[in-house]
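A.B. asks: Got a structure for you, written out below as structure tokens; questions coming shortly.
The values are calculated or read from the model by the stated rules, or taken from the named source; none is laboratory data. These figures come from a predicted structure and were not determined experimentally. Cβ placement follows ideal geometry from the backbone for every residue including glycine, while neighbour counts extend to all protein chains displayed. For the accessible areas, the whole protein counts, side chains as well, though only heavy atoms, and no ligand, DNA or RNA atoms are used. Shrake-Rupley method; radii C 1.70, N 1.55, O 1.52, S 1.80 Å.
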Amino acid sequence: MEALGKIGERSTMSFLIKALDDDDSSVRSHAVEALGRFRDPSTLKLFLKTLRDDDIVVAMNSAEALGSMGELS
């Protein structure tokens, strides 16, 4: 999953977004991390949702992703 974020190919975003609903928290965590690499404003609502994930690592990765987006115009 991390490789998908590193590739930066927008076509992988839909796969990563679907992974945010996976039962496995490590899958969700890696998906958030990979999506964060895109710095795409369309993911903002997704990160706000995953900030409330039951798994602390998912929530922390969401916070980091939001922080790395910086100020979006």
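A.B. asks: Give the residue, chosen from 59, 65, that is at pLDDT below 95, assigned to a helix (DSSP H, G or I) and open to solvent by less than 20 Å² (accessible area, probe 1.4 Å).
C.D. replies: Residue meeting the stated conditions: 65.
A.B. asks: While we're here: Select from segment 24-37 the residues that are of a type in the set (A, V, I, L, M) and open to solvent by 30 Å² or more (accessible area, probe 1.4 Å) and list them in ascending order. I'd like the intermediate steps shown before the answer.
C.D. replies: Here is the first cut: in segment 24-37, the residues of a type in the set (A, V, I, L, M) are 27, 31-32, 34-35.
Listed by number, the list holds a single entry, 27.
A.B. asks: From 40, 53, 21, which residue is surrounded by fewer than 15 Cβ atoms within 10 Å (Cβ to Cβ), at pLDDT 95 or above and among the acidic types (Asp, Glu)?
C.D. replies: Every option except 21 fails the conditions.
A.B. asks: Could I ask something else about it? I need the full set of residues from segment 1-18 which are out of contact with any helix residue (DSSP H, G or I) (no Cβ under 7 Å at 6 or more places or on another chain), modelled with pLDDT under 80 and open to solvent by 50 Å² or more (accessible area, probe 1.4 Å), in order please.
C.D. replies: Once the filter is applied, which keeps residues that are out of contact with any helix residue (DSSP H, G or I) (no Cβ under 7 Å at 6 or more places or on another chain), modelled with pLDDT under 80 and open to solvent by 50 Å² or more (accessible area, probe 1.4 Å), segment 1-18 yields 3, 6, 7, 9, 10, 11.
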